[in-house]
1. Taking the chain as a Gaussian network, Cα atoms linked when under 10 Å apart, which of Thr17, Thr178, Thr129 shows the biggest mean-square fluctuation?
2. Between rounded, prolate and oblate, where does the stretch 56-162 land on the alpha carbon gyration tensor, with a ≥ b ≥ c its root eigenvalues, rounded for a/c under 1.5, else prolate if a/b exceeds b/c?
3. At 222 nm, what helix-only mean residue ellipticity would the chain give, in deg cm²/dmol to the nearest 500, using -39500 (n - 2.57) for each DSSP H run of four or more?
4. Search the structure for amide H atoms under 5 Å from the amide H of His128, placed 1.01 Å from N in the peptide plane, and list their residues when 5 or more places away or on another chain.
5. Cut-off 10 angstrom, C-alpha nodes, Gaussian network model of the chain. Which of Asp204, Asp60, Asp125 fluctuates the most?
6. Please state the shape class of the stretch 32-86: rounded when a/c is under 1.5, otherwise prolate if a/b exceeds b/c and oblate if not, all from the C-alpha gyration tensor.
7. Any chance you could check the Cα centroid distance between the stretch 88-161 and the stretch 29-82 for me, in angstrom?
8. What share of the DSSP beta bridges in the chain is antiparallel, in percent to the nearest 5?
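Each reported figure results from applying straightforward, stated rules to the coordinates on display, with no laboratory input. Note that the structure is predicted; figures quoted are calculated from it, not measured. Neighbour counts are summed over all protein chains in view; Cβ atoms, including those assigned to glycine, are modelled from backbone coordinates with ideal geometry.
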Amino acid sequence: MIKAVVFDVGETLIDETRIWSRWAERLGVSSFVLMGALGGMAALDRSHSDAFRLVRPGFDLGAEVAAWERDDPHGPRNEFDAGDLYPDVRDALAAIRAAGYQVIIAGNQPRRAYDALVAMDLPADSVHTSEGWGVAKPDPEFFAKVAAVAGREPAEILYVGDRLDNDVLPAAAAGMRTALLRRGPWGYLHAERPRAADADVIADDLHAILPALRGLT
């Protein structure tokens, strides 16, 4: 029986459209160009960093982030806030929690994302980031930490995310139940792949998670 529901962050809870648009401006290309490049990399199972290098050869992510912070220390840059939440997040998480499930947020995010998520005061029992843990998905240790903070057996956890490679497949390998969310570039692409059938649930939005939970044993 599922007792805890754990949510990824980017394109699960957070709409990254504004972040990618700011990156496009930073790189000197249109949003259309960068998002097209991102979609291409997603289809090829390549990193988003490869999209940056496609439009700016020799691109160094760490150096660019540091330079951006120096240039615009008080701007939003590549960060998110409550205005970037998908519209269904608060109500869906609140309903899941009210139904008696433990709600946890844990995704591949920098440490500063923890502060942003906590400031949103979401209906969640705890918030965790990969940088805070020192390990990132799809490393099995990430999912071991998920189970540890939940205080549950892996089979009692449903992990919800938008990707097969980072979310569904490694969470399932760790013994968890999984939900693949069809939103964001990776979500739509991955839902069409044969291994999407490995997910226990394929959902179009977060409101579909609670009804699906009732069907999982």
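1. The residue with the greatest mean-square fluctuation here is Thr17.
2. Oblate shape, in that a/c is at least 1.5 and b/c is the bigger or equal ratio.
3. About -12000 deg cm²/dmol.
4. Ile105, Ala106, Gly107
5. Asp60
6. Oblate is the answer for the stretch 32-86, as a/c is 1.5 or above yet b/c matches or exceeds a/b.
7. 25
8. Antiparallel bridges make up about 5 percent of those DSSP assigns within the chain.
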